[in-house]
Amino acid sequence: MVHVTSKANRRGPRGDISANDLAAAASRVLEATGPDGLSLRAVAAEAGVAPNAVYTYFTDMSELRNRLGDDFLGRLDLEVLKGDEPARAMAEFLAQVLAVFAAAPGQVALLAEQRIIGEHSLALNEGLLDFFVDRAGHSLARAAAATGMLTEWVHGVAVLSSSEANVGRTQERLAAFDPARYPRTASAFGLPADDDAAIELFVSVLV
């Protein structure tokens, strides 16, 4: 849930710190510790201010996390969706998204914790709806469904991408079963990840 607070309920800006400074400090904490380490005290310490200074600009940590998530989504280049050929444009956009998400696991984990609403997240949603309506020829209802599917797929890929440790544990568990009973599963598990093939298949469904 996004908390909305009127300007009248907030204290005025401080001369020693800004909302951008606090967001930058919070981003550094997030990258270093993940969402579990993102606390009021940690952000204040990183920014070099007292904890109550954070409340000058953010009503609570939920609002600060929302700001971080929205800033992160702002890294995506929506102009890619305007490429000459719709299917290729969507494939290039998805490749970009997967690359950006893969480089920021802490941000991806934060996105999983709460729905993000802000200028960048709304612009992203609007850009995808525009693409599916104007370029793919879907109705608004189908465009909304396609946008939802795309969002969930990208997020699922990012969240479920295994670390080396997870791969090792999965291999150990698989070794307890007879591969002859699940031959294709056993063979497929040994294949390297093929994001291009996954993107091609996903685009063929949506565009």
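No lab work stands behind these numbers, since they all come straight from the coordinates. Predicted model, so just to flag it, every value in this text is computed and none were measured. With ideal geometry, Cβ positions are generated from the backbone for all residues, glycine too; neighbour counts draw on all protein chains shown.
Dipole size of the chain about its Cα centre, with +1 on Lys/Arg Cβ and -1 on Asp/Glu Cβ: approximately 660 debye, rounded to the nearest 20.
Grab the beta carbon distance between residue 59 and residue 145, set R0 = 25 Å, and tell me the FRET efficiency rounded to 0.05. With a Förster radius of 25 Å, E is 0.15. Extent of the range 78-206 along its three principal axes (Cα atoms, max minus min coordinate, largest first): 50, 29, 24 Å.
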